[in-house]
Every structure is written in structure tokens, then in C-alpha cells.
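S.K.: One structure, pasted below without further comment.
Bear in mind that the values in this text are calculations on the coordinates, not laboratory data. Computed from a prediction, not measured in an experiment: that's the story for all the values here. Every residue, glycine among them, receives a Cβ derived from its backbone with ideal geometry; neighbour counts consider all protein chains shown.
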Amino acid sequence: MENWQAIIATATFIGVIFLVMTEWIHLTIAAFLGALLLVFFNVMTLPEAIGYIGQSHGTLGLFFGVMVLVRAFEPTKIFDYLATQMVLLAKGRGNLLLLGIVGITTPICAVLPNATTVMLLAPLIPPMAEEVGVNFVPLLILMVFVANSAGLLTIVGDPATFIVGDAINLSFTDYLLRLSLGGVIAVVTVVATLPFLFRKIWNTKLENLNQLPHPQINHPRVLAVGGLIVAFVLLFFVIGEALPVPISPAAVALLGAALAMLLAHHTKIDTVNHILRDLDWSTLIFFMSIFVLIGGLQKTGVVQGLSGVLATILGTNIALGSIVILFFVGLISSVVPNIPLVVAMVPLLKQYIVNVGLVGAEVLSPDFQGQFPPEVLPLFYAMMFGATLGGNGTLVGASSNIVAAGIAEQHGRRISFKRFLRYGIPVMTLQLITSALFVIVRFLL
């Protein structure tokens, strides 16, 4: 029975990815139907499916909260105003605009989760692109690449990086000293592709900046109070989990959303119904469905089986294992969101190094607080780079990609799977190669 369940779970997951790639049906419908098929064929019960969604409540709560926060302040026209200022700062030149997106996104993603940053910054892109006279889809895709790459600058920049770092008891400072250079290299790799992948925008120049529309900020007093709410949210994103009574980013985002709705309702700049109606519900449903599909692969032992095959192939060769894991996880992460992927892979990688005799069985304990032998750490570092940068490969590879796709749809354009692939495959390939060279030179030679 379990073998049949594993076959059904694998076939359903592959079928969903195929439907997303071919775009025969909308990606949210594909994922939603796939998740329901697992319940229909009794691969898991409905309570179990809801349980897998519940395990990712932090991600969903964070996304919902930030969506409400951004939407609540839309009537103030702050996003249109900031977009115009960015065009003016870039002097209407496409190359400076592209570099400006890199410059703004990179430092923010070093301290905030990449999908959160995309939610906060992406609303600037469509009005900015309209003013310059270019398609905003490539600009959104660039923001996604930078957000995913800059997540490697610190241990808190990407949820996948944090999960792996926490599993091997890696401190914030140790990460900076050992691995931040790899994040810098990843961002520089994206910058190096700008004149080639984004050639049309790179060469664009707006001749008469005086003809730009100059949107005025509405409700300045409301915006001032809203600025305090956003500052509160950003501050507690950074320090919340380090407080004596930890506050999760999701809880902070939800509190910020409640305060933003209260402000909008009390000042009558918008209604609660309008705010909730305009949220990107399709993106939230897509994520919930993907968590169920990944749960099906975990429950039926498919992911564990892949790990066993990996251990058989690699043996105790850490150098070969690190490079294979980097590319293997990178390729898998291009079609599987990296958060559930690393959650599944971390215990399997620990089991692998125990099975081949590189560490003792004590590392398998959830309470283990000791240090791993330095010779096995490159395996985990490689998994960090593969899981994070592999997300740049396809539209479904990272949560920030899906968020950007949802924002594009809200502004009247679709980011198709094929179009994203055209940009994503070259960037992902270059980044995996440069990351492999970094791991080899820094840790294996």
C-alpha cells in the first residue's frame, strides 16, 4: 500500500510541475487539484493535509500580513511617488535603473526574508517601468534574482539558510566570516548578466524627464502614522526573535496588518472589505497546496529514498559530495520551494554523515548543541548555496518568485513559466558554478 502511495505522491507532484511548466492551466489550480488528489486517493487524510499547511503557518502568516500592510497604504499613492523619484535619481537611464534595483534590494534582503522584501518593494516596479516606457516583468524578475541571491549575505537573509545554519549550530558571526563572501559573489554574478539578459532596458534612456507625471502623496498624516507602523514591523522583524519573549516575524507582520487596517478604517481612506478583497489569494492558496504536495513526498518516504541513493553514490568523499549536493539540491530547488526542501534534507544529510561514520549518532538529537567536525561542514554549506540559488531557475523555485508573479498579475501582466526560464536558467547556472568554485577554494583546497 505504501509503495502505491509513494507512486501516487510522486506522479501527482510531477504532474503538477508539468502543468505549471506547460501552462495548460493556472499554476494555483494545478497545485490545488494536486493537493486534493492526495487526499482523494488517501495518500493522506484531510486533517493530515491541514497539518502540513499548519507546519508552515509562519510563512503563510508572514505573507498575509505583509500583503495587507502594502495594500492598506495604496490609497496614499506612496508607491507611485517613490517610483517617480527612483526614475529621477536614475536620470531616466535604464542601466542606472537596473543597478538601482540591485542597490536597494541587496541590503534589505541581508536582514529581511527575500519574499518579504519583494512584497514591500515590488509595488514600485510597475509605475516606474511605465514612466520609463519599458515592460515591468523583466524588472520584477531581476528583483527576484537579487532578493534570492542577497539572502546569502547573512544567516537571517533567507529562511532556507537559517534552517541549515541553525541545524549545524552556526552563529551569525561565524556565518559572516565563512560564507558572506559567497553571497557577495552571487549578487555580483547577477550584476554581470545585466547588459546581456536585460539588454533592451539597459540601453533605454528617457530623454525628457520633465514630461514625467508627478504624482502627489494623498493623506500625508495617515502616511506619517503608517510610516511608524512599518518602522515598528521592520524593527521587530530584525530583533523580535532575540527578545526575552521571542516574537516571530509572522506575528509581527500580522500585528502590523491589523494596525494598518485599523488606521485605514478609522481614517476612512479605504474599507476593510476592499483591502481584503484585493489581496493575492491565489498566491496564498498555491503555497498551501505546495506544502501539502511536499508533505505527501515526505510521508511516503520518497525524499528519504533519494537521500539513501545519494549516500550510496558518494560514500565518504566530502569534496565530491559537496559539489554533487550543491548541484543536486540546486536543480531540485528550481522546481521545489527551498523551505520545505531543506526541512526535509537537513535530517537526511545528518543521517548520511552518521551512516558513513563521519560523525557520531548524537548529532541526530534535536537537542544537540555541539560543533560538527569541520570536514563535514562543506556538505551543509553546499546545501545552503544550492537551495537558495537554485530558486532562481524557474518560476516555482522560490517563494519570492511566486510573490512577484502574483504582483505582476495584479497589474495586468503574467510572468509565464517559459519567460522566467529564459532569464532564470542562465543566472542559476552561472551562480551554481561560481558558488561551487567558492566552496572548493574556500573549504576544500
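S.K.: Testing the spin-label approximation: label points 7 Å from Cα along Cα→Cβ at LEU262 and THR312. State their distance in nm.
M.R.: With each label placed 7 Å out from Cα toward Cβ, I get 5.9 nm.
S.K.: 7 Å from Cα along Cα→Cβ at both LEU348 and ILE433: what's the point-to-point distance in nm?
M.R.: 2.7
S.K.: Could I get the Rg over Rh figure for segment 291-445? Both from C-alpha atoms, Rh via Kirkwood, rounded to two places.
M.R.: Values: Rg = 16.9 Å, Rh = 16.6 Å.
The Rg/Rh ratio comes out at 1.02.
S.K.: Under 5 Å between amide hydrogens, which residues at least 5 positions from THR316 or on another chain qualify, with H placed 1.01 Å from N in the peptide plane?
M.R.: Correct list: empty.
S.K.: Given the C-alpha centroids of segment 1-71 and segment 118-175, what is the distance between them in whole angstrom?
M.R.: 24
S.K.: For segment 356-445, what does the alpha-carbon gyration tensor say about shape, rounded, prolate or oblate, given a ≥ b ≥ c as the root eigenvalues, a/c under 1.5 as rounded, and a/b over b/c as prolate? Could the numbers behind the result be given before it?
M.R.: On the way: a/c = 4.34, a/b = 2.02, b/c = 2.15.
It comes out oblate by the Cα gyration axes.
S.K.: Roughly what angle does helix 377-389 make with the longest principal axis of the chain, taking Cα atoms, 0 to 90 degrees, to the nearest 10?
M.R.: 40
S.K.: How far apart, in nm, are the 7 Å Cα→Cβ label points at GLN85 and SER171?
M.R.: Reported label-point gap for GLN85 and SER171 is 3.8 nm.
S.K.: Quick check on segment 1-119: take the gyration tensor over C-alpha atoms, sort the square-rooted eigenvalues as a ≥ b ≥ c, and tell me if it's rounded (a/c under 1.5), prolate or oblate. The partial results should precede the final answer.
M.R.: Details: a/c = 2.97, a/b = 2.26, b/c = 1.31.
Verdict is prolate for segment 1-119.
S.K.: Right, another one. Between ILE440 and GLN369, how high is the FRET efficiency from 1/(1 + (r/R0)^6) when r is the Cβ-Cβ distance and R₀ = 25 Å? Nearest 0.05.
M.R.: Values: r = 30 Å, r/R0 = 1.19.
For R0 = 25 Å, the calculated efficiency reads 0.25.
S.K.: Also, I was wondering about something else. Multiply the residue separation of ILE217 and HIS26 by 0.36 nm, subtract the distance between their alpha-carbon atoms, and state the gained length in nm to one decimal.
M.R.: On the way: separation 191, 0.36 × 191 = 68.76 nm, distance 3.60 nm.
Going from the current span to full extension adds 65.2 nm.
S.K.: Over the chain, what is the mean sequence separation of C-alpha contacts under 8 Å (at least six apart), divided by residue count, expressed as relative contact order in percent? Walk me through the intermediate numbers first.
M.R.: Working: 633 pairs, mean separation 108.4, N = 445.
Computed value for the chain: 24 percent relative contact order.
S.K.: What FRET efficiency comes out for GLU409 versus GLU362 if R0 is 51 angstrom and r is the Cβ-Cβ distance? Round to the nearest 0.05.
M.R.: Working: r = 49 Å, r/R0 = 0.96.
That pair, GLU409 with GLU362, gives E of 0.55.
S.K.: Would you mind calculating the gained length between LEU243 and PHE18 on full extension (0.36 nm times residue separation, minus the Cα-Cα distance), in nm to one decimal? It would help to have the intermediate numbers written out before the result.
M.R.: Details: separation 225, 0.36 × 225 = 81.00 nm, distance 4.42 nm.
The span from LEU243 to PHE18 would gain 76.6 nm if fully extended.
S.K.: Tell me which lysines have Cα within less than 21 Å of LYS200's Cα, excluding those fewer than 8 residues away on the same chain?
M.R.: LYS91, LYS418
S.K.: Tell me the Rg and the Dmax, in Å, that the Cα atoms of segment 51-167 produce.
M.R.: Answer for segment 51-167, Rg first and Dmax second: 15.5, 51 Å.
S.K.: Right, something else. Only loop residues by DSSP count here, and only those with at most 14 other Cβ atoms within 10 Å; note down the trypsin sites (Lys or Arg not before Pro) in segment 267-339 that meet that. Write down the numbers at each step before the final one.
M.R.: On the way: sites: LYS268, ARG277, LYS299; in loops: LYS268.
Listed in order of number, the matching sites are LYS268.
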